[in-house]
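Scroll down for the structure; my scribbles are underneath it.
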2 protein chains.
Amino acid sequence: MAAKPDSQGDDHAPAAGGRDLRWDIIELLFFAYRDFVGDADQELEAFGFGRAHHRVIHFVTRYPGLKVADLLDVLRITKQSLGRVLKQLLDEGYIVQKTGNNDRRQRLLYATPKGEALVAKLAGLQTDRINRAIAGIDPAGVETVRQFLRAMIDRDDPDKVLEAIFGGGRKTRE
Amino acid sequence: MAAKPDSQGDDHAPAAGGRDLRWDIIELLFFAYRDFVGDADQELEAFGFGRAHHRVIHFVTRYPGLKVADLLDVLRITKQSLGRVLKQLLDEGYIVQKTGNNDRRQRLLYATPKGEALVAKLAGLQTDRINRAIAGIDPAGVETVRQFLRAMIDRDDPDKVLEAIFGGGRKTRE
DNA sequence: AAGATACGTCAATATGGCTGACATAAATTT
DNA sequence: AAATTTATGTCAGCCATATTGACGTATCTT
């Protein structure tokens with residue numbers, strides 16, 4: 001039988017320097033995210049797509065006109081990695097590119113109705129899970145959850161999407 | 001300029017069937033988890049390890065005596081995928097195996113002090129982020145956050161670790 | 001003795017990351 | 001106008017991590 005640590009006291013782990021480590025929240029985050037993305041994974045298989053495709057089409061749908069460079073910032077991957085995935089989504093008609101008005105070098109990305117439909121379907125699955133999770137939590141509690149999640153995010157160098165999410169409260173440039 | 005959806009109202013997205021989708025929480029989870037695992041990623045590089053190694057050594061440290069099969073359940077990967085990563089951790093002295101007492105087919109996994117030290121270091125980084133995130137949240141609020149995360153997790157077929165986390169409240173077998 | 005289980009391993013394959021180099025078009029700077 | 005920088009695309013190759021299917025061995029169960 002494996003040891004069964006309780007949620008607060010550190011019972012056996014090393015705890016360098018004797019600090020209290022937040023094992024419970026660390027593991028809850030792992031499992032919560034595992035199951036959260038698992039919802040979409042199954043659906044994506046039917047389309048021959050993976051998580052990478054989901055992330056791209058999601059943010060393009062949500063933030064129409066996103067530049068390739070913005071997407072690279074958000075996803076924290078390289079141009080080459082994005083390239084393959086983005087090309088597939090373009091070829092299969094989930095995304096279209098438009099040349100930028102001000103800067104004609106830019107390729108602004110837009111989801112097609114087909115792309116939006118896929119994103120909505122996946123977001124629906126994830127929304128169902130979230131709604132189930134907050135079913136027993138009052139509005140103030142849900143706001144606390146949002147506050148926690150927001151505070152977990154690095155804000156020293158926010159990408160374009162994060163600036164939108166955080167309401168442009170800290171424009172470091174432009 | 002990209003559209004900038006506010007946190008509640010659905011301004012442009014497809015919303016299949018007109019349902020309210022929880023875009024805000026979906027995206028907060030993405031960014032929070034991205035940055036949360038990012039903390040460990042940098043440290044891991046110095047050891048020549050990746051996320052896969054972290055997950056394995058973490059759960060072995062936390063739940064000493066975990067069987068290989070348990071680990072497969074928790075990580076949701078195949079035996080073959082686990083094989084290489086586990087072998088590396090064994091070869092490099094982060095983990096040791098002991099033959100099960102009752103069942104000599106089992107290889108029970110234990111972290112060495114070296115393994116525990118690495119896990120503690122990584123958990124320390126993640127704990128720092130969590131502590132920063134909950135700094136402005138009262139104890140009741142933190143409990144709400146735990147409640148939310150717990151409720152995000154599938155419990156229909158809990159693995160051994162989840163049974164421990166959830167206090168064995170629903171033993172489907174054994 | 002037969003079968004099931006726990007684990008390990010071999011072989012082949014796919015996905016999604018990475019680096020480095022290079023090309024093009026368009027904007028910006030000098 | 002020329003030089004430089006920027007935004008993007010692409011080629012070639014490598015690495016980590018995941019997959020499936022098959023097979024072998026030790027051990028437990030029936």
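Among the conditions (1) at the interface with another protein chain (Cβ under 10 Å from one of its Cβ atoms); (2) closer than 28 Å to A:Glu43 by Cα, the only one that A:Phe148 does not satisfy is (2).
Taken as a whole, the structure leaves B:Asp39 outside the set of residues that are at pLDDT 95 or above and either within 12 Å of DNA strand D (Cβ to nearest atom) or not polar (S, T, N, Q) (or both). Of the candidates B:Lys114, B:Lys160, B:Lys87, B:Lys98, the single residue that is open to solvent by 20 Å² or more (accessible area, probe 1.4 Å) and touching a residue at least 60 places away in the same chain (Cβ under 8 Å) is B:Lys160. When the residues of the stretch B:90-134 are filtered to those that are in contact with an Asp or Glu (Cβ under 8 Å, 6 or more places away or on another chain) and closer than 15 Å to B:Phe59 by Cβ, the one that is farthest from the other protein chains (Cβ to nearest Cβ) is B:Leu122. Can you tell me which residue is farthest from the other protein chains (Cβ to nearest Cβ) among those in the stretch A:64-84 that are part of a loop (DSSP other than H, G, I, E, B) and open to solvent by 70 Å² or more (accessible area, probe 1.4 Å)? The qualifying residue farthest from the other protein chains (Cβ to nearest Cβ) is A:Thr78.
Restricting attention to the stretch A:101-111 and to residues that are more than 8 Å from DNA strand C (Cβ to nearest atom) and open to solvent by 80 Å² or more (accessible area, probe 1.4 Å), the residue that is farthest from A:Ile165 (Cα to Cα) turns out to be A:Asn101. Checking each residue in the stretch B:126-141 for being of a type outside the set (S, T, N, Q) and surrounded by 17 or more Cβ atoms within 10 Å (Cβ to Cβ) picks out B:Arg129, B:Ile130, B:Ala133, B:Ile134, B:Ile137, B:Gly141. Given the criterion more than 17 Å from B:Phe31 (Cα to Cα) and either within 15 Å of DNA strand D (Cβ to nearest atom) or under 19 Å from the mean Cα position of the chain (by Cα) (or both), identify the matching residue among A:Val56, A:Val145, A:Val96, A:Val161. None of the others qualify; the one that does is A:Val96.
Please work out if B:Phe36 is within 11 Å of chain A (Cβ to nearest Cβ), farther than 20 Å from B:Tyr110 by Cα and part of a helix (DSSP H, G or I). Yes; evaluated as a whole, the condition is true for this residue. Checking each residue in the stretch A:84-100 for being in contact with a helix residue (DSSP H, G or I) (Cβ under 9 Å, 6 or more places away or on another chain) and within 11 Å of DNA strand C (Cβ to nearest atom) picks out A:Arg84, A:Val85, A:Leu86, A:Gln88, A:Leu89.
The values are calculated or read from the model by the stated rules, or taken from the named source; none is laboratory data. Keep in mind that what you see is a predicted model, and the values were worked out from it rather than measured. Methodologically, a virtual Cβ is constructed for each residue, glycine included, from the backbone with ideal geometry; neighbour enumeration extends over all protein chains shown. Note: accessible area is taken over every heavy atom of the protein model, side chains too, but ligands, DNA and RNA are not part of it. Shrake-Rupley method; radii C 1.70, N 1.55, O 1.52, S 1.80 Å.
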